[in-house]
Amino acid sequence: MERREYVGGGGGMPGWLGGLVEESFFVGCEAHESRRKNEKNIFCLGCCTSICTHCAPAHRSHPLLQVRRYVYNDVVRLDDLEKLVDCCFVQPYTINSAKVVFLKPRPQSRPSKGSGNICLTCDRILQEPFHFCSLSCKVDHVLLRGEDLSSILFRFEDSDFAFSRFESLQVDEDDGPIAASATLEQPAQSKEECLPPSHGGGSGSSGTRKSRFFPRIVLSLNNRRKGAPHRSPLS
């Protein structure tokens with residue numbers, strides 16, 4: 001990929017990058033508490049904050065980045081993230097045929113031991129030839145070395161993160177917008193495209209399915225007529 005110079009300079013962290021690695025995603029939006037599917041799963045690069053799909057129309061003129069969820073951790077597709085920052089040596093993971101990068105280091109039960117290949121920031125075991133387990137770890141490493149962050153940042157095009165990419169996720173007002181982020185599954189579980197969070201949730205489609213079909217089963221069992229008793233033949 002051709003390197004594009006980051007305009008801003010000064011070596012400091014731009015607001016969008018700091019927000020991306022520090023913001024909380026997949027929490028309820030305070031502005032839309034009464035709305036369904038109000039998880040914050042979009043990052044506005046213009047306002048440097050996380051928003052939900054109900055907020056997105058108010059940010060239609062801003063560049064928007066889609067954040068996804070994998071095993072309770074925030075990830076971004078590598079194709080999108082590498083338009084913003086140099087992701088070299090950050091270990092990607094292939095989920096449902098798409099490469100993703102973790103935004104933050106994942107919690108570890110205990111520090112890794114041994115002399116294998118580990119993350120230069122958090123010591124998580126990595127595959128060769130990668131040096132960082134997440135975007136945050138690479139950013140922290142650059143800052144700790146006293147290097148200029150502009151060396152790893154790209155000048156991005158707003159059109160690459162246009163609101164139009166999220167318009168297809170909007171449905172009618174009664175149902176609310178479909179979550180912009182799909183729940184990523186283990187490749188061993190499914191190789192199909194990501195499904196919306198409600199696919200596995202208790203209040204989504206499965207909940208409707210349960211309330212729709214289960215009473216019919218009970219009704220059919222209760223109304224089943226007993227057949228005539230069969231007596232054993234006299235000996």
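The values are calculated or read from the model by the stated rules, or taken from the named source; none is laboratory data. Remember, predicted model here, so these are calculated numbers, not experimental data. All Cβ positions, glycine included, derive from the backbone under ideal geometry; neighbour counts span all protein chains shown. Heavy atoms of the whole protein, side chains included, go into the accessibility calculation; ligands, DNA and RNA do not. Shrake-Rupley method; radii C 1.70, N 1.55, O 1.52, S 1.80 Å.
For residues in the stretch 100-132 being at pLDDT below 95 and assigned to a strand (DSSP E or B), which is most open to solvent (accessible area, probe 1.4 Å)?
Ile125
Taking only the stretch 16-35 into account, find how many residues are in a loop (DSSP other than H, G, I, E, B) and under 18 Å from the mean Cα position of the chain (by Cα). Even if it seems obvious, please write down each step before you answer.
Of the residues in the stretch 16-35, the ones in a loop (DSSP other than H, G, I, E, B) are 23-27, 29, 33-35.
Those left that are additionally under 18 Å from the mean Cα position of the chain (by Cα): 23-27, 29.
Result for the stretch 16-35: 6.
Report every pair of residues separated by at least 6 positions or lying on different chains whose Cβ atoms are under 6 Å apart, first residue within the stretch 125-154 and free of Cβ contacts under 8 Å to residues at least 40 places away in the same chain and under 12 Å from Phe102 (Cβ atoms), second of a type in the set (Asp, Glu) and assigned to a helix (DSSP H, G or I).
Taking only residues 6 or more apart or on different chains, not a single pair turns up.
Of the conditions (1) assigned to a loop (DSSP other than H, G, I, E, B); (2) closer than 17 Å to Phe25 by Cβ, Lys83 fails just one. Which one is it?
Exception for Lys83: condition (2).
So Thr94 fits all but one of (1) at pLDDT 95 or above; (2) surrounded by fewer than 18 Cβ atoms within 10 Å (Cβ to Cβ); what number is the exception?
(1)
Identify the residue in the stretch 40-60 that is surrounded by fewer than 22 Cβ atoms within 10 Å (Cβ to Cβ) and in contact with a Gly (Cβ under 8 Å, 6 or more places away or on another chain) and, among all such residues, is nearest to Leu17 (Cα to Cα).
So the residue we want is Cys48.
Just give me the residues in the stretch 66-100 being more than 10 Å from the chain's Cα centre (by Cα), under 25 Å from Leu120 (Cβ atoms) and aliphatic (A, V, I, L, M), in sequence order. Please lay out each step first, then the result.
Taking the stretch 66-100 as the starting set, the residues that turn out to be more than 10 Å from the chain's Cα centre (by Cα) are 78-99.
If we keep only those that are under 25 Å from Leu120 (Cβ atoms) as well, we get 78-95, 99.
Across the stretch 66-100, the qualifying residues are Leu78, Leu81, Leu84, Val85, Val90, Ile95.
Conditions first: (1) surrounded by 12 or more Cβ atoms within 10 Å (Cβ to Cβ); (2) modelled with pLDDT under 90; (3) assigned to a loop (DSSP other than H, G, I, E, B). Phe166 passes all but one, so which condition is the exception?
All conditions are met except number (3).
Is it the case that the stretch 58-77 has a residue that's out of contact with any strand residue (DSSP E or B) (no Cβ under 9 Å at 6 or more places or on another chain), within 20 Å of Ser150 (Cβ to Cβ), modelled with pLDDT of 95 or more and in a loop (DSSP other than H, G, I, E, B)?
Just the residues of the stretch 58-77 that are out of contact with any strand residue (DSSP E or B) (no Cβ under 9 Å at 6 or more places or on another chain), to begin with: 60-61, 71-72.
Applying the additional criterion that residues be within 20 Å of Ser150 (Cβ to Cβ) yields none.
No - not one qualifying residue is present in the stretch 58-77.
For the stretch 133-157, which positions are part of a helix (DSSP H, G or I) and open to solvent by 60 Å² or more (accessible area, probe 1.4 Å)? Walk me through it before giving the result.
Step one: filter the stretch 133-157 for residues part of a helix (DSSP H, G or I), giving 135-144, 149-151.
Matches in the stretch 133-157: Asp140, Leu143, Leu144.
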